[in-house]
Structures are given as C-alpha cells and as structure tokens.
Amino acid sequence: MSLDPLARDVLVIVGVALAAVALLLGFLALLRTRRMRRDYTLLQADDGPESFLDSVARMTHEVEGLRTDVARLDGLLGRTRTELADAIRHVSVVRYDAFGDLGGRLSFSAALLDDGGDGLVLTSIHGRTETRAYMKGVRSGKADVVLSPEEEQAIESAMHGGVA
C-alpha cells in the first residue's frame, strides 16, 4: 500500500510541525525547571548563620510564642479589670462653709466610691473651736443614714465623674 505523494507531504509537514512544537515545549520546560532549581537553591542557601527556611521556621516559632503571651496577657487583663471594678476610683470633694460666720470653706465632704457606687463619704465640719469628722457607708450610691446636701452632692459628683 502506497500513499499518495500529496498525503505523504502533508504527513511529513505535520510531523515536522509537531516535532518543532514538542522541541519548543521541551525547551520551555527546561527553562522553567532551571528557574525552579535556582529559586530552591536561594531558599536553601547558607549565606549566613541560618538558611531562609530555618529563618522562617524560627520566626514561626516566635510568632506562636507571641500568640501564647498575648492570650496569657488577655486573661490577666480581664482579671485586672474585674479587680479594678472593686477599687476606689471615683472620688469627689465638696468644700463649703458649715457655719455662716466662718470663711475659707474649711469644711468638706469627700465621696470615695468603686465602679458599683460602693464606698464611703467622709465629712469634716470645721467650727470656730473644734472640728468634727463623720464617716458614712455607701452602697450603690445610697447611704443607710440621712445625708447632708453636701454629702449627696459629693456622691453624685463621684458617680458621674463631675467636679463638685
């Protein structure tokens, strides 16, 4: 069986074209392989005391350590916030003249409260011959005993952060 010369020529041209394409693809694969080897060599290079991959591994370990530290500090911060809510942080002082004949506003009422409004009111009334001090407990911004207007003003100012 013999091929027609035209069909034979077409097959030869197609074969040569396929061979050229295969050769081109092989050359491109070789270039790509060389580039990948070069990149891999750069990653494995021992230019300094440690390779790039060793450096990445060390940094990854350090980041994990930092995450652990942040988690621990977050727990401590939560506990500190809880403890701080019970600390006396809200203070207000109201100065006044307890008696009309004395000047200088030497009498005062001071409210010392935590975040919940618990604490005490300390009052000092200054007179011509003596000074008296009183201390009254406060729960949620209210006292069990009757408060003077200055003591109420000190509590209100301490609870709302204002200046009396």
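The values are calculated or read from the model by the stated rules, or taken from the named source; none is laboratory data. Computed from a predicted model, the values in this text were never measured in an experiment. Because the Cβ atoms are built from the backbone with ideal geometry, glycine has one as well, and the counts that use them run over all protein chains shown. What goes into the accessible areas is simple: the full protein's heavy atoms, side chains included, and nothing from ligands, DNA or RNA. Shrake-Rupley method; radii C 1.70, N 1.55, O 1.52, S 1.80 Å.
Taking only protein heavy atoms into account and a 1.4 Å probe, give the accessible area per residue of the chain in Å².
With all protein chains present, the chain gives 77 Å² per residue.
Nearest 10 degrees is fine. How inclined is helix 149-160 to the longest principal axis of the chain, computing both from alpha carbons?
0
Say a paramagnetic label sat at a point 7 Å from the Cα of Ala85, along Cα to Cβ; which residues of segment 132-164 have their backbone N under 16 Å from it?
Counting backbone N atoms under 16 Å from the label point, the list is 140-141.
In whole percent, and with a 1.4 Å probe on the protein chains, what portion of the accessible area of segment 82-164 is carbon and sulfur?
Percent of accessible area from carbon and sulfur atoms in segment 82-164: 54.
Just to be sure I follow the definition: excluding the sites themselves, where is the longest run in the chain that has none of the GluC sites (Glu not before Pro) in a DSSP loop with at most 16 other Cβ atoms within 10 Å?
Excluding the exposed sites themselves, the longest stretch runs over 51-129.
Name the residue, out of Val70, Val21, Val93, whose mean-square fluctuation peaks in a Gaussian network model built on the chain with Cα pairs under 10 Å.
Sorting by GNM fluctuation, first place goes to Val21.
Among Ile125, Ile88, Ile13, which one shows the biggest mean-square fluctuation in a GNM of the chain, springs joining Cα atoms closer than 10 Å?
Ile13
In degrees, nearest 10, range 0 to 90: what is the angle between the Cα axis of helix 52-85 and the longest Cα principal axis of the chain?
Taking the Cα atoms of the chain, the angle to 52-85 is about 20 degrees.
Helix 5-44 against the longest principal axis of the chain: what's the angle in degrees, Cα atoms only, rounded to the nearest 10?
So the helix axis and the longest Cα principal axis differ by about 40 degrees.
Let me check against my output: what whole-number percent is the relative contact order of the chain, with C-alpha pairs under 8 Å and at least 6 apart?
It rounds to 15 percent for the chain.
Rank Gly103, Gly137, Gly26 by mean-square fluctuation in a GNM of the chain with C-alpha springs under 10 angstrom and give only the top-ranked residue.
With Cα springs under 10 Å in the chain, the top fluctuation among Gly103, Gly137, Gly26 is at Gly26.
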